[in-house]
Amino acid sequence: MLRPETTPDCPACGSKRAAWIFYGLPVSFEAFGADLEEKRVILGGCCVSQTDPEWQCVECGHGWGRPKVLDDLHRFMEEEGLFRESFWARFRRWAGLRSD
C-alpha cells in the first residue's frame, strides 16, 4: 500500500483521525480497500501543486504537509536534466534586465 504507515495528529485540533491524500489517477480503487471507506485515504485529484496538503483532518478539515510526490518528481527531473529555464528568465536575459 502506498499510504504511510504512521498517521500524524492534526496540528489544528489534535484529532488522531487524519487522512493521507493520494494525488494522481489510481490504477485500481480496490487497491485502497478499506482505507478509502474508513477515510484513512482520500483522493486529491490528478494534479498536485506546491500548495496542496499531504494530510487532511477528518474531524476539522484542516490540511497540512507537503506531498512527498513533489520531492520525488523534482529529484527525477533534476537527474534527467528535464528542468528548463523559465520563459521569464529567458525574457529578462534577452531584454538585458537584471534577474534579482
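Read-outs throughout are calculated quantities, based only on the coordinates presented, and are distinct from any laboratory measurement. As the structure is a computational prediction, the values presented were derived from the model and not from experiment. All Cβ positions, glycine included, derive from the backbone under ideal geometry; neighbour counts span all protein chains shown.
Once the stretch 52-68 is narrowed to residues that are without any contact (Cβ under 8 Å) to a residue 40 or more places away in the chain and over 10 Å from the mean Cα position of the chain (by Cα), the residue that is farthest from ILE21 (Cα to Cα) is GLY61. Within the stretch 49-84, the set of residues being of a type in the set (D, E, K, R) and in a helix (DSSP H, G or I) comprises LYS68, ASP71, ASP72, ARG75, GLU78, GLU79, GLU80.
Only residues that are over 16 Å from the mean Cα position of the chain (by Cα) and hydroxyl-bearing (Ser, Thr, Tyr) were counted across the stretch 3-34, and they come to 3.
The residue that is surrounded by the most Cβ atoms within 10 Å (Cβ to Cβ), among those in the stretch 15-48 that are in contact with a helix residue (DSSP H, G or I) (Cβ under 7 Å, 6 or more places away or on another chain) and part of a strand (DSSP E or B), is VAL41.
Can you pull out every residue in the stretch 12-63 that is of a type in the set (Gly, Ala, Ser) and farther than 26 Å from HIS74 by Cβ? The answer is ALA12, GLY14, SER15, SER28, GLY33, ALA34, GLY61.
Scanning the stretch 91-100 turns up no residue that is surrounded by 11 or more Cβ atoms within 10 Å (Cβ to Cβ) and in contact with an Asp or Glu (Cβ under 8 Å, 6 or more places away or on another chain).
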